[in-house]
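Below is one structure, written out as structure tokens; comments come after it.
None of the figures in this text is laboratory data; all of them are computed from the coordinates on show. Not measured: the values here are computed from a predicted model. Cβ sites come from the backbone with ideal geometry, for glycine too, and all protein chains shown count toward neighbours.
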Amino acid sequence: MKVFEHDPAHLRIGFIGAGRLGTALAWSFAQHGLRVVAAASMIPADAERLAAQIPGCTVMAEGQAVVDGCDLVFVTTPDGAIADTTAQFRWRPGAAAVHCSGVTDVAALEHAASQGAMTGGFHPMQTFGDPAAAVRSLPGCTITIEAPEPLNAALVAIAQRLECRINRLPPGMRGRYHAAAGYTSQFINALFAEAATIWKSWGATEDDAVRALLPLARGTLASIESAGLAEGMPGPVSRGDLGSIEKHVAALRPLGPGVMEFYRVVCDRTIPLGMERGAIDDAAAARLREILLQR
């Protein structure tokens, strides 16, 4: 049996699944000196796009050819297809199968493990809407790794090559971990959509709102990075300005109960941060909640 090579520079790496995440990772790996040699996808054009940017990467008609020709195979199909996809192939001892899902247990790769392959998880906490943009934003992000040795050592070395931080999870925490990530990824879209709805009430467009609010959001993120969640929070709650909150409630009430309920919920969640910051005390917090409940 071939011993798994923990130095990623010596590994032949392949991808089964060539969607946005798999493509971005493959391109990033290649740019950081790793040998991405094969790719396969149910949509051949996707595999061709992935391989076109990587010298020496071959598009395989079948996933089995990727498994046979690689030491480390990343199964980057949609989450619900990971187990079924892995089960289609013959795996060998000394090889490794890794998925990149945040919410799926590594046990989804059990078929590969039962045939002697090592299995693991490698989940980048990053968005992959545009693979080229994801490649640029990947350095500095956190990658959650779950794997036995020596696969763990190889995945850690890959993350370090990508200039990423490494996170570990206790068993059974993937659901919570993935839900938490959603608050700072797709839920931001809901916040912007709600703000855009308010902008539209005076005739502005969604594009107007997004262009105006993006720099504001970037400023908040920079404040969080430098000062933390409580000290870096802007806005009236952060400075104990109850009068501004009263004006918000009065202005939003005519837009309907849905708009008001959303504002109440998110504003209420800022109160503990304002108290931690020292801007409001118990009495001010109680008064603020009274204002939020005004009809």
In degrees rounded to 10, the 0-90 angle between helix 242-252 Cα long axis and the longest Cα principal axis of the chain is 80
Reviewing (i) 19.6; (ii) 14.9; (iii) 17.9, the figure for mean projected area of the Cα convex hull in nm² actually calculated from this model sits under (iii)
Output row, site residue 193, 7 Å Cα→C-beta label point, backbone N cut-off 19 Å, window the stretch 118-152, residues 127-130
Surrounding charge for residue 228, neighbours by C-beta under 14 angstrom, Lys/Arg +1, Asp/Glu -1, total -2
Tilt, helix 151-161 to longest principal axis of the chain (alpha-carbon atoms), in degrees rounded to tens, equals 60
Here the averaged projected area of the stretch 183-292, based on the convex hull of its alpha-carbon atoms and given in nm², is 6.9
Here the stretch 116-212 gives, from Cα atoms, an Rg and Dmax in Å of 18.2, 63
Listed residues 58, 197, 77; largest mean-square fluctuation, Gaussian network over the chain with Cα springs below 10 Å, found at 197
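Restricting the count to DSSP beta bridges whose residues both fall in the stretch 8-172, what percent are antiparallel, rounded to a multiple of 5?
Taking every DSSP beta bridge within the stretch 8-172, about 15 percent pair in antiparallel fashion.
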Rounded to the nearest 5, the percent of DSSP beta bridges in the chain running antiparallel is 15
Extend 7 Å from the Cα of residue 252 along its Cα-to-C-beta direction; within the stretch 177-199, residues with backbone N under 11 Å of that point are 194-195, 198
Relative to the chain, whose Cα atoms define the longest principal axis, helix 174-183 and its Cα axis are tilted in degrees, nearest 10, by 50
Expressed in angstrom, Rg and Dmax over the Cα atoms of the stretch 241-295 are 11.1, 33
Between residue 295 and residue 226, the FRET efficiency computed from the C-beta separation at R0 = 41 Å comes out, to the nearest 0.05, as 0.55
Simple spin-label estimate for residue 43/residue 7, 7 Å along Cα→Cβ, in nm, reads 3.8
For residue 24, the net charge from surrounding residues (Cβ-Cβ under 14 Å; K, R +1; D, E -1) works out to +1
With label points set 7 Å from each Cα along the Cα-to-Cβ direction at residue 262 and residue 103, the distance between them in nm comes to 2.1
Computed on Cα atoms, the radius of gyration and Dmax of the stretch 2-102 in angstrom are 12.2, 34
In nm², the average projected area of the convex hull spanned by the Cα atoms of the stretch 8-172 is 8.2
Label model pair residue 202, residue 269: point-to-point distance (7 angstrom along the Cα→beta-carbon line) in nm is 2.6
Note: probe point = Cα of residue 61 + 7 Å toward Cβ; backbone nitrogen < 17 Å; residues of the stretch 67-99 passing the test are 67-69
